[in-house]
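S.K.: Take a look at the following structure, please.
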Amino acid sequence: MSKILFFSAKPYDKSFFTGHNETHGFELEFLETHLGPHIVNAVEQGTFAVCVFVNDKLTADVISVLAARGVKVIALRCAGFNNVDLDAAKALGIRVCRVPAYSPEAVAEHAVAMLLTLNRKTHKAYNRVREQNFSLNGLLGFNLHGRTIGVIGTGKIGKAFCRIMLGFGCNILAYDLFEDEELQTRGVHYTSFENVLKGADVLSLHCPLTPENAYLINKQTLALMKPGSTIINTSRGGLICTVDIIEALKNQHIAYLGIDVYEQEERLFFKDLSGSIIEDDAIQRLMSFPNVLVTGHQAFFTDEALSQIAQITLESVSKLERGEEPSAMVMLS
Ligand code: NAD
């Protein structure tokens, strides 16, 4: 029975993977800790696969220890793979698979939920009504119908997001390295990155984080945006320069910000820190704005998505164990 060792494992990972493993019969071991240099030596010789998530750090050094322990597969139970040194894995013969598509609607719908919370201030209304304060002062919102939504990245999630926003009666300006014909037929207008920023009332990020697009949203690019616009980021924290967005919120150039991801999130997200002193001043500053909504990387977190993640991950590891090749979309190296 081959072993899969899980890092950053939460009770819900255990529950979904254990359920889906009934048809595969792997030995599953779940560790709560992140994978990184501090723990990689604990990987036992002969472990077939490690299963990791967004904040595990698979640097070249970590991967070389995994290779020395005989690990054959790194299975990412997520879509993004900016945290894995793929060249190092390839050089050492470790196969890397991911879950390229698991309910893109889960993430797209969360982006929409963040937008609707901010534009109608339901996060404030919820607290206010619980205090028996039924005043409407300060809750004035704006319609999405007729607004221009800028979408960066129209892959699976961006496309699902576009479909929803078209249903709201929004105009959509999009930028992607590849233009999607179906979206064009539905009325999405592709243009340059700069033109999307200039034209958008709401900007939603749906591209992966790469070395080339780190801090895509920074002081210079923020200056291109309309005063009073909204930014939603459910993609990766490193796409936004936190210092610059805080400045843009302080000078009210950006009116609303919704982030499910944060550039320093690995120290915070997925943990209960309610009794701790948070030393990260930037996240504290962001959370202090009444017009900023922060969620802790929960966009993917639906029953449908977790089920698909467990199923696809175990199927990929199973195929690799049998010497079969999972689809090209799944394999990264
Ligand atoms: P995808 O690969 O289907 O689509 C990504 C799209 O971005 C592609 O069309 C690609 O051409 C485009 N792109 C790449 N670089 C770009 C750039 N510099 N500018 C503009 N477009 C660019 O991926 P997806 O499944 O839609 O996921 C998108 C991202 O969402 C992932 O990379 C991941 O970071 C993030 N994500 C977040 C969560 C969450 O829970 N918050 C969950 C899943 C995925």
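S.K.: Tell me, yes or no, whether region 99-114 has at least one residue that is at pLDDT 95 or above, farther than 23 Å from residue 235 by Cα and not polar (S, T, N, Q).
M.R.: no
S.K.: Let me ask you something else. Considering (1) exposed (fewer than 13 other Cβ atoms within 10 Å of the Cβ); (2) in contact with a Phe, Trp or Tyr (Cβ under 9 Å, 6 or more places away or on another chain), say which one residue 181 fails and leave the rest.
M.R.: Exception for residue 181: condition (2).
S.K.: Just to be sure I understand the filter: pairs with C-beta atoms under 8 Å, separated by 6 or more residues or on different chains, first member in region 200-221 and assigned by TED's automatic domain parsing to the domain that holds residue 81, second member of a type in the set (Gly, Ala, Ser). Which pairs pass?
M.R.: Pairs that qualify, where the first residue is assigned by TED's automatic domain parsing to the domain that holds residue 81 and the partner is of a type in the set (Gly, Ala, Ser): there are none.
Results for (1) farther than 21 Å from residue 215 by Cα; (2) of a type in the set (Asp, Glu), shown as yes or no for each residue.
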site	(1), (2)
267	no, no
275	yes, no
284	no, no
288	yes, no
298	yes, no
320	yes, no
325	yes, yes
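S.K.: Looking at this structure, is residue 261 in a loop (DSSP other than H, G, I, E, B), of a type in the set (Val, Ile, Thr) and either in contact with a Phe, Trp or Tyr (Cβ under 8 Å, 6 or more places away or on another chain) or under 19 Å from residue 204 (Cα atoms) (or both)?
M.R.: Yes, satisfied.
S.K.: Just to verify a result, which residue in region 188-212, among those that are farther than 11 Å from residue 175 by Cβ and buried (at least 18 other Cβ atoms within 10 Å of the Cβ), is nearest to the ligand (Cβ to nearest atom)?
M.R.: Restricting to residues being farther than 11 Å from residue 175 by Cβ and buried (at least 18 other Cβ atoms within 10 Å of the Cβ), the top hit is 209.
S.K.: Run down 150, 155 and say which single residue is surrounded by 14 or more Cβ atoms within 10 Å (Cβ to Cβ), closer than 26 Å to residue 315 by Cβ and within 13 Å of the ligand (Cβ to nearest atom).
M.R.: One residue alone meets the criteria, 155.
S.K.: So, of the residues in region 110-120 that are surrounded by 18 or more Cβ atoms within 10 Å (Cβ to Cβ) and of a type outside the set (Gly, Ala, Ser), which turns out to be farthest from residue 201 (Cα to Cα)?
M.R.: In this case the residue turns out to be 110.
S.K.: In region 274-292, what residues are surrounded by 11 or more Cβ atoms within 10 Å (Cβ to Cβ) and not charged (D, E, K, R)? Don't jump to the end; show me each part of the working.
M.R.: Of all residues in region 274-292, those surrounded by 11 or more Cβ atoms within 10 Å (Cβ to Cβ) come to 278, 280, 282-283, 285-287, 289, 291-292.
278, 282, 283, 286, 287, 289, 291, 292, listed by residue number.
S.K.: Still on this model: In region 293-307, what residues are more than 11 Å from the ligand (Cβ to nearest atom) and either exposed (fewer than 14 other Cβ atoms within 10 Å of the Cβ) or β-branched (Val, Ile, Thr) (or both)?
M.R.: 294, 303, 304
S.K.: Mind counting the residues in region 159-171 that are within 13 Å of the ligand (Cβ to nearest atom) and closer than 18 Å to residue 116 by Cβ?
M.R.: 4
S.K.: Residues being out of contact with any strand residue (DSSP E or B) (no Cβ under 7 Å at 6 or more places or on another chain), assigned to a loop (DSSP other than H, G, I, E, B) and either farther than 27 Å from residue 103 by Cα or among the aliphatic types (A, V, I, L, M) (or both): count how many of those fall in region 275-321. Step through it out loud before you land on a result.
M.R.: First pass over region 275-321, keeping only residues out of contact with any strand residue (DSSP E or B) (no Cβ under 7 Å at 6 or more places or on another chain): 275-285, 288-290, 295-312, 314-315, 318-319, 321.
Filter once more, so that each one left must be assigned to a loop (DSSP other than H, G, I, E, B): 275-280, 289-290, 295-302.
Next, only the ones that are either farther than 27 Å from residue 103 by Cα or among the aliphatic types (A, V, I, L, M) (or both) stay: 275-280, 289-290, 299.
Going through region 275-321 one residue at a time, the tally reaches 9.
S.K.: Right, here's the next one. Answer yes or no: is there a residue in region 58-76 that is crowded, with 18+ Cβ neighbours inside 10 Å, in contact with a Lys or Arg (Cβ under 7 Å, 6 or more places away or on another chain) and not charged (D, E, K, R).
M.R.: Yes: one or more hits.
The values are calculated or read from the model by the stated rules, or taken from the named source; none is laboratory data. Just so it is clear, the structure is predicted and the values come from calculations on it, not from any experiment. So basically every Cβ, Gly included, is an ideal-geometry build from the backbone, and we count neighbours across all protein chains shown.
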